[in-house]
1. Give the lysines reachable from Lys43 as a straight Cα distance under 28 Å; neighbours fewer than 8 places away on the same chain don't count.
2. If all Cα-Cα distances of the range 1-72 are sorted into 5 Å bins from 0 onward, what percent lands in each bin, rounded to whole numbers?
3. Once you treat every alpha carbon in the range 28-128 as an equal point and sum by Debye, what is log10 I(q)/I(0) at q = 0.12, 0.21 Å⁻¹?
4. Give the residue from Ser52, Ser81, Ser64 lying farthest towards the positive end of the charge dipole for the range 46-107; charges sit on Cβ (+1 for Lys and Arg, -1 for Asp and Glu) and the dipole is referred to the Cα centre.
5. So if I place +1 on the C-beta of Lys and Arg and -1 on the C-beta of Asp and Glu, and nothing else carries charge, what would the dipole magnitude of the range 52-104 be about its Cα centre? I want it in debye, nearest 20.
6. Using the alpha-carbon centroid of each, what span in Å lies between the range 73-87 and the range 50-70?
7. Packing-wise, with mean Cβ within 10 Å as the measure, how do 86-94, 111-119 rank, highest first?
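Values in this text are rule-based calculations from the coordinates and carry no lab data. All values derive from a computational prediction rather than experimental measurement. Here the Cβ positions follow ideal geometry from the backbone for every residue, glycine too, while neighbour counts run over all protein chains shown.
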Amino acid sequence: MNENDNNVSFFRFEDLRIYAKAMDYIVWLYDELGKLENTITQKVLVESFLKSAQNIALHTAEGSSRSKTQFLYYLKMAKSSVRECVVFTEILSKKGLFPVESTEHSRNQLMELTKMIGSLIASLQRSTGSSMREDKDDDLMDPIPDINNF
């Protein structure tokens, strides 16, 4: 059996749709931010924005190797990073550095990521028997999709 016969990655997080979506967002963001001038202010803003975007994938990857309780913690950290990216998107938009299309694309991708992460959090909470909803500050309350959608 060779590597291509196995559809499951060695690293479990690579099979998560959330991770793949976060990676797509990071690559898109590098391309978009690479178009900006390299002033000191913009450089600081770009570095912070990229770090927040990368943290979505990093927290998802790190948490996936932990217990369910710890994975919940890391997913909540990933969700916080999504919110940071929303703020950076708005800053770039208000400064006229992000065209309308880029702003809309970024926001749409971030909304989808927050829904996906929120759904996985809810699913994990249900599987751990937690009846208390810890995500009272959720941006969007959506029906919980099948766990295979993550």
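1. Answer for Lys43, where 28 Å is the Cα cut-off: Lys21, Lys35, Lys51, Lys76, Lys79, Lys94, Lys95, listed by chain and number.
2. Once binned at 5 Å, the Cα pair distances of the range 1-72 give 3, 15, 19, 17, 14, 13, 9, 6, 3, 1, 0.
3. -0.43, -1.00
4. Ser64
5. So the dipole magnitude of the range 52-104 works out to roughly 280 debye.
6. 10
7. Going by the mean number of other Cβ atoms within 10 Å, highest first, we get 111-119, 86-94.
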